[in-house]
Amino acid sequence: MAFAQPAKVVADKIIAVVGDKVILKSDIDNTVTDMQRQGIEVPANARCLSLEQSMGIKALVLQAEKDSLPVTEEEVAADIDNQIRYFISSYGSKEKLEEISGKSMYQLKEDFKDGFRERKLAAAMRNKIVDGIRITPNEVKAYFDKLPKDSLTYYESELEIGQIVAFPKASREAEEYCIEQLTEFKQQAESGKKDFKKLADIYSDDAATQQQNNGQLDLNRSQKGFDATFMGKAFALKEGQISSPFKSQFGYHIIQMVSRAGDDASVRHILKIPQITQTEITNTIQKLDTVRSKLIAGTIQFGEAVSKYSDDENSKFTGGRRTNAEGSTYITIDQLDKDMVVMLKDLKVGQFSLPKEFENERKKKGVRIVYLLSKTDPHRENIKDDYNKISQRALEEKKSEALEKWFNQKIGTYYIKVDEEYKNCNEMKKWTSPILATGK
């Protein structure tokens, strides 16, 4: 999303109409500006492409409204909140975002509302059009056979990896020491002796916020994937108030409420992770060694062992399988931490590693067993080894063809008008054809 600078007044005009939906010149300008801002190479026909895409969305929205497809205000608000969080993360803080955009959080959300609602409706209509489309093995083969053989993708070795993770329990003394430290920090901040930001910068064990934002986080009450205890404690505070020490899945915290507007809040926190001794690590290794023996003997299945013994919340939802940033369970070596690469070095498919100590991305010490489910050799794409990937692409192509057919059938039923400046775009041919378009 591009942000209009309030000091400039730019003449705007309607450059296209689909039914009763209009597309403004500023809509296209903003899309191109976003591409430039994100470092995306802008093609020569970027404005034509953007207009064609916008007109497609308008057509889908018209049909979605006609078919009364359900899109709730709550769904739209959730998408807007996700976008706002992305912007805050990119710019560093809510205040910086407001400064750059020249608008308050409320104004930004209001500005986004219509656009996000339309995209939601368009997506729902697209899903309705392609729902039920399937692909057969013969169609997959036909799709693959027509691909130029000299352009087939070369794949590095890919692995499917499962893991069972156990985090050693700290001693009661270590936990009490964290509570004592946090209590002292709270007293120093409340008395004005120390600044909470400085305390967070120096003492917090949360590497993600310690160096960059002085322990600051921007939250939304509906935010998914956040520790529930942390969220509950945060939204119970008033502005300027500091919580008492409490425990989350990451360790012990205190939180200071910086500012709050409805379901949005900015907080600072200090995290202290209780120190783990070698004795506790050794005990955890012994525990997982017993689990490994059961796996090898076949007295317990891997998925059951993950559910019963793993402390890794993320992998519990994937049966213990590791996923990459795209959510795929197929991972290349460069996507793994160096300690896991070492563990996999001599492991064969179907084998379980010995339990090994490691540190996660939050510097929390744990112990894990690694299970190598599958491993492919480096190879040029072929239908035997890469059927799932090829079939997915073939299915998407079939869906795109169905969508194109739908557009060709529907365009002639809509009032279409395109500004003279854009009528010569190749992308506009299907919209401005005398046979299809009812506009002049």
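In the set THR329, THR323, THR299, only one residue is outside any helix (DSSP H, G or I) and exposed (fewer than 15 other Cβ atoms within 10 Å of the Cβ); that residue is THR299. Looking only at residues of segment 161-188 that are touching a Pro at 6+ places or on another chain (Cβ under 8 Å) and of a type outside the set (A, V, I, L, M, F, W, C), we find that the one that is surrounded by the fewest Cβ atoms within 10 Å (Cβ to Cβ) is THR183.
Of the strands (runs of 3 or more DSSP E) lying entirely inside segment 201-265, not one contains at least 1 residues that are farther than 22 Å from GLU95 by Cβ and modelled with pLDDT under 80. Close Cβ contacts (under 8 Å, 6 or more residues apart or on different chains) running from residues in segment 117-133 that are outside the structural domain of ALA78 (by TED's automatic domain parsing) and among the acidic types (Asp, Glu) to residues that are surrounded by fewer than 17 Cβ atoms within 10 Å (Cβ to Cβ) and at pLDDT 95 or above are absent. Identify, please: which residue in segment 326-373 is farther than 25 Å from GLY251 by Cα and of a type in the set (Gly, Ala, Ser) and is, among those, modelled with the lowest pLDDT? Among residues in segment 326-373 that are farther than 25 Å from GLY251 by Cα and of a type in the set (Gly, Ala, Ser), the one modelled with the lowest pLDDT is GLY327.
Of all the criteria given as (1) in contact with a strand residue (DSSP E or B) (Cβ under 7 Å, 6 or more places away or on another chain); (2) closer than 30 Å to LEU51 by Cα; (3) surrounded by 17 or more Cβ atoms within 10 Å (Cβ to Cβ); (4) of a type outside the set (Ser, Thr, Tyr), the one not satisfied by ASP419 is (3). There is at least one residue in segment 85-100 that is without any contact (Cβ under 8 Å) to a residue 40 or more places away in the chain, surrounded by 14 or more Cβ atoms within 10 Å (Cβ to Cβ) and of a type in the set (A, V, I, L, M).
Residue-by-condition table, conditions (1) of a type in the set (Gly, Ala, Ser); (2) touching a Lys or Arg at 6+ places or on another chain (Cβ under 6 Å); (3) in the same structural domain as SER315 (by TED's automatic domain parsing):
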site: SER101; (1), (2), (3): yes, no, no
site: PHE112; (1), (2), (3): no, no, no
site: CYS178; (1), (2), (3): no, yes, no
site: GLN181; (1), (2), (3): no, yes, no
site: LYS186; (1), (2), (3): no, no, no
site: SER191; (1), (2), (3): yes, no, no
site: ASP195; (1), (2), (3): no, no, no
site: ASP205; (1), (2), (3): no, yes, no
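Here is a check on your reading of the model: is LYS308 surrounded by 13 or more Cβ atoms within 10 Å (Cβ to Cβ), assigned to a helix (DSSP H, G or I) and of a type in the set (Lys, Arg)?
Details: surrounded by 13 or more Cβ atoms within 10 Å (Cβ to Cβ): no; assigned to a helix (DSSP H, G or I): yes; of a type in the set (Lys, Arg): yes.
Answer is no for this residue.
Screening the candidates ASN138, ASN220 for the property of being within 30 Å of ASP263 (Cβ to Cβ) and either out of contact with any Gly (no Cβ under 9 Å at 6 or more places or on another chain) or in contact (Cβ under 8 Å) with a residue 40 or more places away in the chain (or both) yields one hit, ASN220. If only residues of segment 385-419 that are outside the structural domain of LEU62 (by TED's automatic domain parsing) and outside any helix (DSSP H, G or I) are counted, the one that is nearest to ILE57 (Cα to Cα) is ASP386. The set of residues in segment 398-414 that are touching a residue at least 40 places away in the same chain (Cβ under 8 Å) and either exposed (fewer than 13 other Cβ atoms within 10 Å of the Cβ) or among the hydrophobic types (A, V, I, L, M, F, W, C) (or both) comprises ALA402, LEU403, TRP406, PHE407, ILE411.
For residues that are out of contact with any Ser or Thr (no Cβ under 8 Å at 6 or more places or on another chain) and under 19 Å from ASP12 (Cα atoms), scanning just segment 26-45, find the one that is surrounded by the fewest Cβ atoms within 10 Å (Cβ to Cβ).
Of everything passing the filter in segment 26-45, ASP34 is surrounded by the fewest Cβ atoms within 10 Å (Cβ to Cβ).
Looking at (1) over 29 Å from ILE273 (Cβ atoms); (2) surrounded by fewer than 16 Cβ atoms within 10 Å (Cβ to Cβ); (3) within 26 Å of the chain's Cα centre (by Cα), can you tell me which one ASP334 breaks? Just one mismatch for ASP334, condition (1).
Condition check: under 30 Å from ASP29 (Cα atoms) and either at pLDDT 90 or above or more than 26 Å from the chain's Cα centre (by Cα) (or both). Does LYS405 satisfy that?
Details: under 30 Å from ASP29 (Cα atoms): yes; either at pLDDT 90 or above or more than 26 Å from the chain's Cα centre (by Cα) (or both): yes.
Considered against the rule, which asks whether it is under 30 Å from ASP29 (Cα atoms) and either at pLDDT 90 or above or more than 26 Å from the chain's Cα centre (by Cα) (or both), LYS405 comes out as yes.
Contact annotation: residue pairs with Cβ atoms under 8 Å, 6 or more positions apart or on different chains, pairing a residue in segment 245-261 that is closer than 20 Å to PRO168 by Cβ with a partner that is among the β-branched types (Val, Ile, Thr) and not in a strand (DSSP E or B), are LYS247/THR229; SER248/THR229; GLN249/THR229; PHE250/ILE273; GLY251/ILE273; TYR252/ILE179; TYR252/ILE273. If you go through segment 114-136 and pick out every residue that is over 23 Å from LYS405 (Cβ atoms) and either in contact with an Asp or Glu (Cβ under 9 Å, 6 or more places away or on another chain) or at pLDDT 95 or above (or both), you end up with 4. THR290 meets the conditions (1) touching a residue at least 40 places away in the same chain (Cβ under 8 Å); (2) assigned to a helix (DSSP H, G or I); (3) not acidic (Asp, Glu) in every case but one. The failed one is (1).
With respect to the conditions (1) within 25 Å of the chain's Cα centre (by Cα); (2) at positive phi, SER68 lacks only one, and its number is (1).
Please give the helices (runs of 4 or more DSSP H) falling wholly within segment 80-188 in which 1 or more residues are over 30 Å from VAL18 (Cβ atoms) and in contact with a strand residue (DSSP E or B) (Cβ under 6 Å, 6 or more places away or on another chain).
By residue number, 94-101.
The values are calculated or read from the model by the stated rules, or taken from the named source; none is laboratory data. Since this is a predicted model, take the numbers as computed values, not measurements. Every residue, glycine as well, gets a Cβ built from its backbone with ideal geometry; the counts of neighbours run over all protein chains shown.
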